């Protein structure tokens, strides 16, 4: 059996509260070993914790989405659909951030100075209808 790492050490290594690792265990994302009622993680489970944290932080993935990816061997699981949906959501977020960077950059260089709210160039980019 691999070297086992106590749950507290895994939590500290990744800057996670113990409750997060317990929650991930309840949701079936990680499977620690138990010895004398204590939880330990083998190398594969430590890697899985790192992967889950990466997907949560950089992919902005939900626990349900991560669970789907971790069950990708199950033929009934549409993990590709989950990935496509996440990519589309990230692209929409990137588009909103690009728009924000553009208008903030304009505000910094606008010739209207203190009266930014009345800048005709900026006003032309502000949607007056949110698609309702």
What are the residues in region 1-13 that are assigned to a helix (DSSP H, G or I) and surrounded by fewer than 14 Cβ atoms within 10 Å (Cβ to Cβ), if any? 8, 9, 12, 13
Against the definition (touching a helix residue (DSSP H, G or I) at 6+ places or on another chain (Cβ under 7 Å) and not in a helix (DSSP H, G or I)), how does residue 29 come out, yes or no? yes
Failed item in (1) in contact with a helix residue (DSSP H, G or I) (Cβ under 6 Å, 6 or more places away or on another chain); (2) assigned to a strand (DSSP E or B), with residue 34 passing the rest: (1)
May I ask you to list the residues in region 28-47 that are crowded, with 16+ Cβ neighbours inside 10 Å and within 18 Å of residue 12 (Cα to Cα)? 30, 32, 39, 40, 41, 42, 45, 46
Count, please, the residues in region 37-47 that happen to be without any contact (Cβ under 8 Å) to a residue 12 or more places away in the chain and in a helix (DSSP H, G or I). 1
Taking region 37-78 and keeping residues in contact with a helix residue (DSSP H, G or I) (Cβ under 8 Å, 6 or more places away or on another chain) and at positive phi leaves 60
Can residue 95 be described as exposed (fewer than 11 other Cβ atoms within 10 Å of the Cβ) and assigned to a loop (DSSP other than H, G, I, E, B)? no
Filter region 48-88 down to the residues that are assigned to a helix (DSSP H, G or I), under 15 Å from residue 20 (Cβ atoms) and touching a residue at least 12 places away in the same chain (Cβ under 8 Å) and list them by number. 48, 49, 50, 52, 53, 55, 63, 66, 67
Mind telling me which of the residues 116, 104 ends up being closer than 25 Å to residue 126 by Cβ, in contact with a helix residue (DSSP H, G or I) (Cβ under 6 Å, 6 or more places away or on another chain) and not assigned by TED's automatic domain parsing to the domain that holds residue 23? 116
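The values are calculated or read from the model by the stated rules, or taken from the named source; none is laboratory data. As the structure is a computational prediction, the values presented were derived from the model and not from experiment. Note that each Cβ is placed from the backbone with ideal geometry, even for glycine, and that neighbours are counted across all protein chains shown.
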